[in-house]
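The values are calculated or read from the model by the stated rules, or taken from the named source; none is laboratory data. Quick caveat, the model's predicted, so the values are computed rather than measured. A quick note on method: Cβ atoms are made from the backbone with ideal geometry, for glycine too, and the neighbour counts reach across all protein chains shown. Each accessible area value is taken on the protein alone, full model and side chains, heavy atoms only, with ligands, DNA and RNA left out. Shrake-Rupley method; radii C 1.70, N 1.55, O 1.52, S 1.80 Å.
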Amino acid sequence: MCVKESSQKIEHIIDAESVASIRKTLEEQGLALQRLSSAVDEEQYRRALNFIINCRGHVILSGMGKSGHVARKMAATLASTGTPSFFVHPAEAFHGDLGMITPQDILILISASGETDEVLKLIPSLKNFKNKIIAITNNGNSTLARNSDAVLELHMECETCPNNLAPTTSTTLTIAIGDALAIAAIHYRKFMPHDFARYHPGGALGRRLLTRVVDVMHRDVPSVSLDASFKTVIHEITSGCQGMVIVQNEKGILAGIITDGDLRRYMEKHDSLDSTTAEKMMTRNPLTLPEDAMIVEAEEKMQQHRVSALLITNNMNVVTGVVRIFD
């Protein structure tokens, strides 16, 4: 069967009722998140966050099946936002991996029913180690909840699955709780972009957060003296590729900048340009950044001041380059 025929056949199979089911699932899970938000037990969340913030070891997550997959995601999110964290499989922990756990660690155990056998088997050992336990469950009266130091309930009425069997809404709510804890920790610790970069050195994100302006700046910045004529300024701007020229005093120190916009505005206000000098046209005190500034700082500063370029200076206030917004 050719691709075109296959595509046409699929279009007939996926009818309006199926699309309506997709929309209903999203709506139901959205409502479940709203119910969870309204039912948050502030004392329990405060205790859980206190355990996480003050943890001197690792925050270790564990769960079986789909809860285990969610636990892995939560551990990854916590670890990437400044909370040392990892996942332990409950069955493997019961057969030796408990040796990965120290008394300084905090455990987050996930079980919608609160009665998952593999998870419950860990509790006696964790109690013996004197670890604090945070439970994420839909049953506040479960064995897991009764043996935990903080209980974060899902407050879920039922799974989105029409058979109320496949973990769907429960996993969505659990992931949301994990994200909420991680974001709360970010706010508490004042975790900033440069902190985030330490844990994300790879890929485009890492390059953006770790790259310094000196690594990407254009070094061919045209310059003129304060007494340069209008003709000289025009020549320098058009011969360069930056659409601008810097103005320096007799000591080579930055005095101002002339951009295409500065030229247009000056020409609109003055009929005669014969006696015009760079000093008369320039913008004084242009925006600058030091060479060791991060590229993300340059981006934020350009957006804040609504400019498309920043001059880069060394510790002698000498311009060494320019960074443009598209860099």
Residues within region 98-122 that are open to solvent by 10 Å² or more (accessible area, probe 1.4 Å) and either under 23 Å from Thr169 (Cα atoms) or assigned to a helix (DSSP H, G or I) (or both), tallied: 10
Scanning region 271-292 residue by residue, those at pLDDT below 90, within 25 Å of the chain's Cα centre (by Cα) and aliphatic (A, V, I, L, M) turn out to be none
If I go through region 130-168 residue by residue, how many of them are part of a helix (DSSP H, G or I) and modelled with pLDDT under 95? 0
Would you confirm, using the coordinates I've provided, whether Ser38 is modelled with pLDDT of 95 or more and either under 22 Å from the mean Cα position of the chain (by Cα) or open to solvent by 60 Å² or more (accessible area, probe 1.4 Å) (or both)? yes
Could you grab me the full set of residues in region 41-67 that are open to solvent by 60 Å² or more (accessible area, probe 1.4 Å) and either without any contact (Cβ under 8 Å) to a residue 40 or more places away in the chain or assigned to a helix (DSSP H, G or I) (or both)? Glu42, Glu43, Arg46, Arg47, Asn50, Asn54, Lys66
Residues that are closer than 28 Å to Pro162 by Cα and either at pLDDT 80 or above or not in a helix (DSSP H, G or I) (or both), drawn from region 1-17: Ile14, Asp15, Glu17
I need the full set of residues from region 68-95 which are assigned to a loop (DSSP other than H, G, I, E, B), touching a residue at least 24 places away in the same chain (Cβ under 8 Å) and more than 15 Å from the chain's Cα centre (by Cα), in order please. Pro84, Val88, His89, Phe94
Hey, can you tell me all the residues within region 139-174 that are more than 28 Å from the chain's Cα centre (by Cα), buried (at least 17 other Cβ atoms within 10 Å of the Cβ) and farther than 19 Å from Leu49 by Cα? Asn139, Ser142, Thr143, Met156, Glu159, Thr160
Residue set Ser308, Ser272; condition among the hydroxyl-bearing types (Ser, Thr, Tyr) and farther than 20 Å from Ser223 by Cα; output residue Ser272
Note on region 84-97: residues surrounded by 14 or more Cβ atoms within 10 Å (Cβ to Cβ) and within 25 Å of Asn138 (Cα to Cα) are Ser85, Phe86, Phe87, Val88, His89, Pro90, Ala91, Ala93, Phe94
